[in-house]
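**Q** Following this message is one structure expressed as structure tokens.
The values are calculated or read from the model by the stated rules, or taken from the named source; none is laboratory data. All values reported here derive from a predicted model rather than from experimental measurement. Cβ atoms come from the backbone with ideal geometry, glycine included; neighbour counts cover every protein chain shown. Side chains included, ligands, DNA and RNA excluded: accessible areas come from the protein's heavy atoms. Shrake-Rupley method; radii C 1.70, N 1.55, O 1.52, S 1.80 Å.
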Amino acid sequence: MKTSDDALIRRAQALDAGALAELYDRHFDGIYRYLFTRVRHHADAEDLTEQVFLKMVDSIHRYRPRGVAFSSWLYRIAHNLLVDRYRRAGREPMELTDQVRDVRPHADPAALAQHSEERRRLLAAVNRLTQEQQQVITMRFIDNLAVDEIARLMRRRVGAIHSMQHRALASLYRFLLETEPAEARRA
Amino acid sequence: MPDLTRPLQECLAAMDDKHNLQEVLRRYPADRDELIALLRLSVDLGALEAPAADPAFRLRARNRMLAAATHRRQARRWNPLAVLPRPVVRVAYAGALAAALLVGGLTAAAGSSNSLPGDPLYGVKLGVERAQLATTFDSAARAQLELQIADARLAEAQRLFAAGRVNDGVRGMAQYDTAVTQFHQSIASTALDVRAVDDLSRSMDDRAARADASLKALAGTLAAGGDPEAAAAVTRTRSHVDQAWSGSKQDLQSRGSVSHPGDQRTKPPGGAP
């Protein structure tokens, strides 16, 4: 599998249209979900996703197949574009996640507000993880990929993914405790 | 928090396979509460699921990407270096850069070492770093070089803040974050021998402690100086790099124990079997 991936990337580095389209099809859904999970806005997620793949075309000649996994390289581009966008807008990632809304029609306003606040805190905590941890968390718990599939995509050992998954959840838990409302701590 | 990697893995597998989770939890009574907290968190994360992208957008973006590739391919035809294999280009680039530096004057390169982003010689400084990376083929030496580059980015960011260039300082922090992540990703995908692992672990521990202390102090100074946004940016960088250092450390530790059983690690080179 690795050899065919490498061959595909070599063709893509020569700007072969078929290879680029194949890479796009393989990674589009993951990148879109990664970005949507952070910006929670269709138009923004679409704009950023498009930029990721244009950037891929621009800089794929610099990608080294023996270095990081290709998917990690793409996620890094997505992460950098996200950070650039926040910086240009002069605001922090957390502010964008304030726009998160629960649109379940049956939810009562109080529960809806509480759910929205919890989700905002969770997203804010996810944003504090490293890019690599965010990638693992997104793939594992949002995209529901199996650990061995994540290991293959990130070109890491299965044990390393398990370890990273634990570290990411433990960090998230710690971050959430730090921002837990005072009344919840007292309860 | 203790290392719950294995119990967590078993719990998640039980949830995935719809087996009895309580049975797994009973095996870890001391860690039960923490495991439940982490499992709840994993379920909460699942609720963040993103909807699928609009198929029309997916197709449009694909076509734009392919159009950009066609445009770039046509532009490449005028670049003779593009037809050479990548390693040859890399060596040619490094050689040309080295020759240019020699001919153009080593003075400029030396003078650039203290330059900051925005200075005329800063591009030379980055060029020298790229040339060093391009011509360092030993994995361990390359990793050490990446650590030094991360140090340089941190020092630059600190100097920018000290000079009152707060926005540049925040950008510098992002560059430092990127450099540490680059180091982390680089060692994660590189084969290293036991000695290199030990050397890197030591170098990394020193740096992590020093960087953490200086970032903490910097965030405090910025907050006290009435710049909470810059302080928050520094704190965020501190959190990111702290996790990257921890990840690298665990990665190196697991590398050492996986590829080299524990008893071999303590033996001197050439020691008795």
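**Q** Sorting B:Thr237, B:Thr178 by accessible area (1.4 Å probe), largest first, what list results? Could the numbers behind the result be given before it?
**A** Working: B:Thr237 10, B:Thr178 50 Å².
Descending accessible area places them as B:Thr178, B:Thr237.
**Q** Heavy-atom accessible surface, probe 1.4 Å, ligands and DNA/RNA ignored: which residues of the stretch A:114-137 lose at least 40 Å² versus the isolated chain?
**A** Residues meeting the cut-off: A:Arg119, A:Leu122, A:Arg128, A:Thr130, A:Glu132.
**Q** What's the center-to-center distance, using Cα atoms, between the stretch B:1-62 and the stretch B:119-180 in Å?
**A** 37
**Q** Shifting gears a bit: Please list, in order, the residues from the stretch B:155-181 whose amide nitrogen is less than 18 Å from a point placed 7 Å along the Cα→Cβ vector of B:Ala223.
**A** B:170
**Q** Then there is this: ³J(HN,Hα) across the stretch A:132-139 via Karplus (A = 6.51, B = -1.76, C = 1.60, θ = phi - 60°), whole Hz, x for Gly/Pro?
**A** 5, 5, 4, 5, 5, 4, 4, 5
**Q** One-quarter of the Cα convex hull surface for the stretch B:129-250, in nm²?
**A** Details: hull surface 28.4 nm².
Spelled out: convex hull of the Cα atoms, projected over all directions, averaged, 7.1 nm².
**Q** Can you divide the C-alpha Rg of the stretch B:106-197 by 2.2 N^0.38 Å and report the result to two decimal places? Each step should come with its number before you reach the end.
**A** Numbers: Rg = 14.3 Å, N = 92, 2.2 N^0.38 = 12.3 Å.
Normalised Cα radius of gyration, the stretch B:106-197: 1.17.
**Q** From largest to smallest, what semi-axes in whole angstrom does the stretch B:155-222 give when each is the square root of 5 times an eigenvalue of its alpha carbon gyration tensor?
**A** That gives 28, 14, 7 Å for the three semi-axes.
**Q** Related question: A:Leu145's amide H: which non-local residues (gap 5+, or another chain) put their own amide H closer than 5 Å, with H modeled 1.01 Å from N in plane and none for Pro or chain starts?
**A** A:Arg140
**Q** Taking 50 Å² as the minimum loss, tell me which residues in the stretch A:26-43 lose that much accessible area going from the chain by itself to the full protein complex (1.4 Å probe).
**A** Listed in order, they are A:Phe28.
**Q** Could you work out the relative contact order of the stretch B:89-212, using alpha carbon pairs under 8 angstrom and six or more residues apart, expressed as a whole percent?
**A** Here the relative contact order equals 21 percent.
**Q** In addition: Can you run phi through the Karplus equation (6.51, -1.76, 1.60; θ = phi - 60°) for the stretch B:173-188 and list ³J(HN,Hα) in whole Hz, with x for Gly and Pro?
**A** In residue order, the calculated couplings are 4, 4, 5, 5, 4, 4, 5, 5, 4, 4, 4, 4, 5, 5, 6, 5 Hz.
**Q** For the stretch B:211-217, in order, what is each residue's ³J(HN,Hα) by Karplus, 6.51 cos²θ - 1.76 cosθ + 1.60 with θ = phi - 60°, in whole Hz (x at glycine and Pro)?
**A** The phi angles translate into 5, 4, 5, 6, 5, 4, 5 Hz.
**Q** Here is a further query. Rolling a 1.4 angstrom probe over the protein heavy atoms, how many square angstrom per residue are accessible across the stretch B:140-225?
**A** Result: 42 Å² per residue.
**Q** How much length, in nm to one decimal, is gained on full extension between B:Gln74 and B:Asp54, taken as 0.36 nm per residue of separation minus their Cα-Cα distance?
**A** Stretched out fully, the B:Gln74 to B:Asp54 stretch lengthens by 4.1 nm.
**Q** Using a 1.4 Å probe on protein heavy atoms only, how many Å² of accessible area do A and B hide from each other, summed over both chains and rounded to 100? Mind showing how you got there, number by number?
**A** On the way: alone 10890 and 17810 Å², together 22950 Å².
Counting protein atoms only, the buried area is about 5800 Å².
**Q** I want the local charge near A:Ile31. Using Cβ-Cβ distances under 14 Å, sum +1 for each Lys or Arg and -1 for each Asp or Glu among the other residues. Don't skip to the answer; put the middle values down first.
**A** On the way: positive: A:Arg26, A:Arg33, A:Arg38, A:Lys55, A:Arg76, B:Arg58, B:Arg62; negative: A:Asp25, A:Asp29, A:Asp44, A:Glu46, A:Asp47, A:Glu50, A:Asp143.
Cβ neighbours under 14 Å give a net charge of 0.
**Q** Let me confirm one metric for peptide B:241-250, namely the mean number of other chain beta-carbon atoms within 10 Å of its residues' beta-carbons.
**A** 3
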